[in-house]
Amino acid sequence: MAKPQFRYVCQACGSVQPKWMGQCPDCGEWNTLQQEAAAAVTPFAQKHSLKAGGRVLELQPLDAVIELPKRIATGFGELDRALGGGLVPGSAVLIGGDPGIGKSTLLLQAAGRMARAGHGVAYVSGEEAADQVRLRARRLGLADAPVMLAAATSVRDILTTLSAGTPPALVVIDSIQTMHSDQLEGAPGTVSQVRAASLELISWAKLTGSAVILVGHVTKDGQIAGPRVLEHMVDAVLYFEGEGRHQYRVLRAVKNRFGGTDEIGVFAMEADGLAEVLNPSSLFLTQRENAVPGAVVFPALEGTRPVLVELQALTVRLPSGATPRRAVVGWDGSRLAMLLAVLEARAGLGFGSSEVYLNVAGGLRVVDPAADLAVAAALVSALLDSPVPQDCLAFGEIALSGEVRPTTHAALRLKEAEKLGFRQALAPPATKGVGKLQVSPVASVAALVDRIKRSHPV
Ligand code: TYD
Ligand code: MG
């Protein structure tokens, strides 16, 4: 009898190794290699002569007539937006996020709304018992929605059940890490199981035209456990994120074969489930009477949508000798370190003996590089204890030379700001004002410091 063959699969990155190792040579994680039975695969060319077997495919031109399947509205405009304009029949979507962020809630609500609109919807929970899901549905006011519910983990059972009737328009699998394919040995949640179960569900979706949404848990370092391979298999990957203690949740598209990425949908978690936030700018801005030092509004661009957020900086002078802390919430820590260095080197501002805290109000995570100038303005304003006027916002990229660089879609950002009552913008030179909003060009960090000093003499 042939000796059983084993291979070792990294549970973090999915790489395959011939022998066990303590550290994965590909991603560097420790203790992530797990033994799995290797499937014996004979290369095609060895097994068959190329003349025999195989079906002749009909090769087609690129410009053939395309019949696009009609997208289905999920009942959540914000979810449709993140999906690129609704759910594509036959597509597979992965929704990742931290435990407790609201993935199940979002999908149960979408399922309920779609079912009420007359679409067939199946919700399969591998994590909660049917009664638990029912209880949640009742709390969400969806108890009467005609969603077909199952608590199951066997992919074969699920697909057999779903194939028995008309395939539903949407199948929600909550979560893919609990699913088990009997084509393969191994516990649910391992890379091979996640891959095999997803493959079966996705192939079934393509075959029947049902859309499948897979829920995926995220590991501590922010990747969908069991892992990247899954991102390659699906048509769209959305991340549901938010600061745990904030009410706001952002659904962010990071991959989309049927639409743009970097689109976001914004939700608020309320007592009766997730509510859409149609004007996110109003939510991330703090209402206050007077301008305070360290607070600067930044018109972030999330996909095609401008969202105004308030950046807050605080500096605290320390007795000499103490090591100052730098803490940042909602922005990139190394980018902050870089800006502090640029401000020191190019504008002579010393943060060396001060603790520096930076916070993005409302729990949004800002990734837009145009935030540099707004962050710098907040830092300078905090350090000099000189507020930036409340009707003034800032955006622009800062280079290591201290120079302020133009950014994309300046007009789009300014239009949103004008609508919300802003009248001045600190922006890269050559940016044009919009309506009542005037631009104060800022060419460098030195000019920025100058301006903030000048507008509010200390
Ligand atoms: P859940 O959807 O279970 O998260 P996930 O599936 O991503 O793990 O969300 C659970 C959290 O949402 C829980 O902490 C309670 C909160 N929640 C509300 O605040 N309001 C609600 O109506 C519901 C259903 C949940
Ligand atoms: Mg859940």
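See the values below:
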quantity	calculated
In segment 264-292, the residues that are buried (at least 22 other Cβ atoms within 10 Å of the Cβ), more than 16 Å from ligand 2 (Cβ to nearest atom) and not small (G, A, S)	I264, V266, P280, F284
Some residue of segment 393-410 being assigned to a helix (DSSP H, G or I) and either free of Cβ contacts under 8 Å to residues at least 40 places away in the same chain or within 30 Å of A322 (Cα to Cα) (or both)	yes
Restricting segment 185-199 to residues that are surrounded by fewer than 19 Cβ atoms within 10 Å (Cβ to Cβ) and within 19 Å of D174 (Cβ to Cβ), the residue that is modelled with the highest pLDDT	L199
Some residue of segment 106-119 being within 16 Å of ligand 2 (Cβ to nearest atom) and touching a Gly at 6+ places or on another chain (Cβ under 7 Å)	yes
Candidate set from segment 124-141 (those that are closer than 21 Å to E270 by Cβ, more than 13 Å from ligand 2 (Cβ to nearest atom) and surrounded by fewer than 20 Cβ atoms within 10 Å (Cβ to Cβ)); member that is nearest to the chain's Cα centre (by Cα)	L140
Given (1) more than 12 Å from ligand 1 (Cβ to nearest atom); (2) touching a Ser or Thr at 6+ places or on another chain (Cβ under 8 Å), number of the condition V133 does not satisfy	(1)
Criterion violated by S181 - all others in (1) away from ligand 2 (no atom under 16 Å from the Cβ); (2) more than 30 Å from Q17 (Cα to Cα) satisfied	(2)
Residue pairs meeting the criteria (Cβ under 6 Å; at least 6 apart or on separate chains; first on the phi > 0 side of the Ramachandran plot, in segment 360-386; second at pLDDT 90 or above)	D385/P293
From R139, R116, residue being at pLDDT 95 or above and farther than 20 Å from L230 by Cβ	R116
Per-region count, segment 84-100, residues open to solvent by less than 10 Å² (accessible area, probe 1.4 Å) and either on the phi < 0 side of the Ramachandran plot or within 16 Å of ligand 2 (Cβ to nearest atom) (or both)	8
Considering residues of segment 413-432 that are among the hydrophobic types (A, V, I, L, M, F, W, C) and within 28 Å of the chain's Cα centre (by Cα) only, the residue modelled with the lowest pLDDT	L420
One residue from E185, E200, E127 being within 16 Å of ligand 1 (Cβ to nearest atom) and among the charged types (D, E, K, R)	E127
G259 vs. criteria over 30 Å from R451 (Cα atoms) and away from ligand 2 (no atom under 16 Å from the Cβ)	yes
Matching residues in segment 110-123 - criterion: being open to solvent by 10 Å² or more (accessible area, probe 1.4 Å) and within 15 Å of ligand 1 (Cβ to nearest atom)	R113
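The values are calculated or read from the model by the stated rules, or taken from the named source; none is laboratory data. Predicted model only: the values in this text are computed from it and were never measured. Using ideal geometry, Cβ is built from the backbone for each residue, glycine included, and neighbour counts are taken over all protein chains shown. These area figures cover heavy atoms from the full protein model, side chains too; ligands, DNA and RNA do not enter into them. Shrake-Rupley method; radii C 1.70, N 1.55, O 1.52, S 1.80 Å.
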